[in-house]
Amino acid sequence: MTRTANPITIRGALVASLCVLASAGAMAGDGKWVQDAKSCAAPEYPRDSLSKGEQGTTALRILVGVDGKAIDSEIESSSHSRKLDSAAQRALMECSFKPQPADAKPAQQWIKTEFTWKLN
């Protein structure tokens, strides 16, 4: 049976967990970068992955610049679906990051984040 869904249904089918941690190898600086959840849109579930029932967790490392913008990213652990990994990477590179504590001036540093793709 082929499942067809529009983008609204696809997003509704997505149960995601997003976890951001400062990397143990982060460069020294005042404070650390944390993901600004308000700036992050959930990645859209790729239609092909949805129809195949693909699920999994994509773990990424994101290099955050001193301005709080993502500069680069690397897939640290794959969901075992190239399409899910690429969608997570594209979406999370659009996120903004804020200093923790709020008045800190963190250096450029790598953070770890993961996105879990799960169908209901």
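Quick check: is even one residue across the stretch 71-78 touching a Ser or Thr at 6+ places or on another chain (Cβ under 8 Å), farther than 24 Å from Gln108 by Cβ and modelled with pLDDT of 95 or more? If you could, list the steps in order and put the result at the bottom.
Taking the stretch 71-78 and keeping what is touching a Ser or Thr at 6+ places or on another chain (Cβ under 8 Å), we get 75, 77-78.
Keeping just the survivors that are farther than 24 Å from Gln108 by Cβ gives 78.
From the residues that got through so far, the ones that are modelled with pLDDT of 95 or more too are 78.
Yes, the stretch 71-78 contains at least one residue that is touching a Ser or Thr at 6+ places or on another chain (Cβ under 8 Å), farther than 24 Å from Gln108 by Cβ and modelled with pLDDT of 95 or more.
Do we have any residue at all in the stretch 53-64 that's at pLDDT 95 or above, in a loop (DSSP other than H, G, I, E, B) and small (Gly, Ala, Ser)?
Filtering the stretch 53-64 down to residues at pLDDT 95 or above leaves 53-64.
Now restrict to residues that are in a loop (DSSP other than H, G, I, E, B): 53-55.
Adding the requirement that they be small (Gly, Ala, Ser) leaves 53.
Yes, because at least one residue in the stretch 53-64 is at pLDDT 95 or above, in a loop (DSSP other than H, G, I, E, B) and small (Gly, Ala, Ser).
Is it the case that Lys32 is outside any loop (DSSP other than H, G, I, E, B), closer than 17 Å to Ala88 by Cα and at pLDDT 50 or above?
Details: outside any loop (DSSP other than H, G, I, E, B): yes; closer than 17 Å to Ala88 by Cα: no; at pLDDT 50 or above: yes.
It is false that Lys32 is outside any loop (DSSP other than H, G, I, E, B), closer than 17 Å to Ala88 by Cα and at pLDDT 50 or above.
Residues in the stretch 79-95: is at least one more than 16 Å from Ser39 (Cα to Cα), assigned to a strand (DSSP E or B) and touching a helix residue (DSSP H, G or I) at 6+ places or on another chain (Cβ under 8 Å)? Outline the logic, then answer.
Filtering the stretch 79-95 down to residues more than 16 Å from Ser39 (Cα to Cα) leaves 79-87.
Pick out the ones that are also assigned to a strand (DSSP E or B) and you get none.
No.
All but one of (1) part of a loop (DSSP other than H, G, I, E, B); (2) modelled with pLDDT of 95 or more; (3) surrounded by 13 or more Cβ atoms within 10 Å (Cβ to Cβ); (4) not small (Gly, Ala, Ser) hold for Trp110, so report the exception by its number.
Just one mismatch for Trp110, condition (1).
Just to be sure before I move on: is Ala70 free of Cβ contacts under 8 Å to residues at least 40 places away in the same chain, out of contact with any Gly (no Cβ under 6 Å at 6 or more places or on another chain) and surrounded by fewer than 16 Cβ atoms within 10 Å (Cβ to Cβ) in the structure I sent?
Details: free of Cβ contacts under 8 Å to residues at least 40 places away in the same chain: yes; out of contact with any Gly (no Cβ under 6 Å at 6 or more places or on another chain): yes; surrounded by fewer than 16 Cβ atoms within 10 Å (Cβ to Cβ): no.
The answer is no for Ala70.
Which condition breaks for Ala102 when tested against (1) within 17 Å of Trp33 (Cβ to Cβ); (2) in contact with a strand residue (DSSP E or B) (Cβ under 8 Å, 6 or more places away or on another chain); (3) of a type in the set (A, V, I, L, M)?
The failed condition is (2).
Check off (1) modelled with pLDDT under 85; (2) surrounded by fewer than 11 Cβ atoms within 10 Å (Cβ to Cβ); (3) among the basic types (Lys, Arg) for Arg3 and give me the number that stays unchecked.
(2)
The values are calculated or read from the model by the stated rules, or taken from the named source; none is laboratory data. Owing to the predicted nature of the structure, the values given are computational and were not obtained by experimental measurement. FYI the Cβ positions are ideal-geometry reconstructions off the backbone, even for glycines, and counts take in every protein chain you see.
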